[in-house]
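The values are calculated or read from the model by the stated rules, or taken from the named source; none is laboratory data. Bear in mind that the values here come from a model prediction, so they are computed numbers and not experimental data. Cβ atoms come from the backbone with ideal geometry, glycine included; neighbour counts cover every protein chain shown.
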Amino acid sequence: MSKTKTKEATHEVVEVVKNELAEQSQFMVDSSDIQVPRYSLRQNSSKYKAGETGDLIQDQEYVVIPKEKETDIVFVEVRKKWREQTPFGSQIRGRVAYTEEEKAEIEADTEFDVKPAADLIFLVPEQEGSDEGAFTYPLGDINYALGIYDTGSKGAYTGTFKQIATFLATNPNASPANVMWTWRVVDREWNGNEWVEPMLKISREKVSKDVLEFATNYKSIIS
């Protein structure tokens, strides 16, 4: 074999080894490895100390969106579910279903209502009035917080998930991350009780390339 052919063969072997080592060194994860902080909307009855009524709080510790701030957010994942409506304050924890089949199984074995809800996973950009400790994802020139919000009440479900579902139903080729949504909080009162609920509307702002790439990568991991 000529020296030229020997060098070419050696080069090919080295490239194959490099590619194999690169593949082996990739960090492999799946959905069970992902831990997402929890968002909650502070109510008058909330027991934790962080924030004020109407603030979006991460892990009961950090203010992510102050109530008075209408903020554009990006949804990474949206999941509909159903929850067994056990009495408030009961020691019985309501079961949760993520499919129609699971919902039917709960309904066949409960005296309580089973109502729709949703898990909303979304990114929030850092802004004035928020706690910087929550914003641990630098995407482009902006730091973002990531968290999951359980819609809980019927009003919160209607004001958030149904808006997203309507958009996706009328835009079948889109994903939740294709548009920015404006998060705002409204006051509610009924029968002497007062509370706050989130509302969404589509923003005119565009999703940045870095944020869309993050959302796409996250989706590919949990799928």
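Would you be able to say whether some residue in the range 31-48 is at pLDDT 95 or above, charged (D, E, K, R) and in a loop (DSSP other than H, G, I, E, B)? For the range 31-48, residues at pLDDT 95 or above, charged (D, E, K, R) and in a loop (DSSP other than H, G, I, E, B): present. Search the range 49-91 for residues being in a loop (DSSP other than H, G, I, E, B) and under 30 Å from GLU111 (Cβ atoms), and hand back the single one that is nearest to the chain's Cα centre (by Cα). Per the stated criteria, the residue is GLN85.
With the requirement that a residue be farther than 13 Å from TYR144 by Cβ and either crowded, with 19+ Cβ neighbours inside 10 Å or of a type in the set (Asp, Glu) (or both), what does the range 40-61 give you? Of everything in the range 40-61, those that are farther than 13 Å from TYR144 by Cβ and either crowded, with 19+ Cβ neighbours inside 10 Å or of a type in the set (Asp, Glu) (or both) turn out to be SER40, LEU41, ARG42, GLY51, GLU52, GLY54, ASP55, LEU56, ILE57, ASP59, GLU61.
Exactly one residue among THR160, THR136 is buried (at least 19 other Cβ atoms within 10 Å of the Cβ), among the polar types (S, T, N, Q), at negative phi and in contact with a strand residue (DSSP E or B) (Cβ under 8 Å, 6 or more places away or on another chain), and that residue is THR160.
Any chance the range 168-179 includes a residue that's in a loop (DSSP other than H, G, I, E, B), of a type in the set (A, V, I, L, M, F, W, C) and touching a helix residue (DSSP H, G or I) at 6+ places or on another chain (Cβ under 9 Å)? Break it down into steps so the answer makes sense when it comes.
Of all residues in the range 168-179, those in a loop (DSSP other than H, G, I, E, B) come to 171-175, 179.
Next cut, of a type in the set (A, V, I, L, M, F, W, C) only: 174, 179.
With touching a helix residue (DSSP H, G or I) at 6+ places or on another chain (Cβ under 9 Å) added as a condition, the list becomes 174, 179.
The answer is yes; a qualifying residue exists.
Return a yes/no flag: does the range 211-220 have any residue that is in a loop (DSSP other than H, G, I, E, B) and either in contact with a helix residue (DSSP H, G or I) (Cβ under 6 Å, 6 or more places away or on another chain) or not basic (Lys, Arg) (or both). Checked against the condition, which is being in a loop (DSSP other than H, G, I, E, B) and either in contact with a helix residue (DSSP H, G or I) (Cβ under 6 Å, 6 or more places away or on another chain) or not basic (Lys, Arg) (or both), the range 211-220 yields no hits at all.
Could you list, in sequence order, the residues of the range 85-103 that are closer than 25 Å to ILE222 by Cα and surrounded by 12 or more Cβ atoms within 10 Å (Cβ to Cβ)?
Taking the range 85-103 and keeping what is closer than 25 Å to ILE222 by Cα, we get 94-103.
Hits for the range 85-103 are GLY94, ARG95, VAL96, ALA97, TYR98, GLU102, LYS103.
Here is the figure for the range 174-197: residues that are without any contact (Cβ under 8 Å) to a residue 40 or more places away in the chain, polar (S, T, N, Q) and surrounded by 12 or more Cβ atoms within 10 Å (Cβ to Cβ) total 1.
When GLY155, GLY133, GLY147 are checked against the criterion of being within 26 Å of GLN43 (Cβ to Cβ), assigned to a strand (DSSP E or B) and touching a residue at least 40 places away in the same chain (Cβ under 8 Å), GLY147 stands alone in meeting it.
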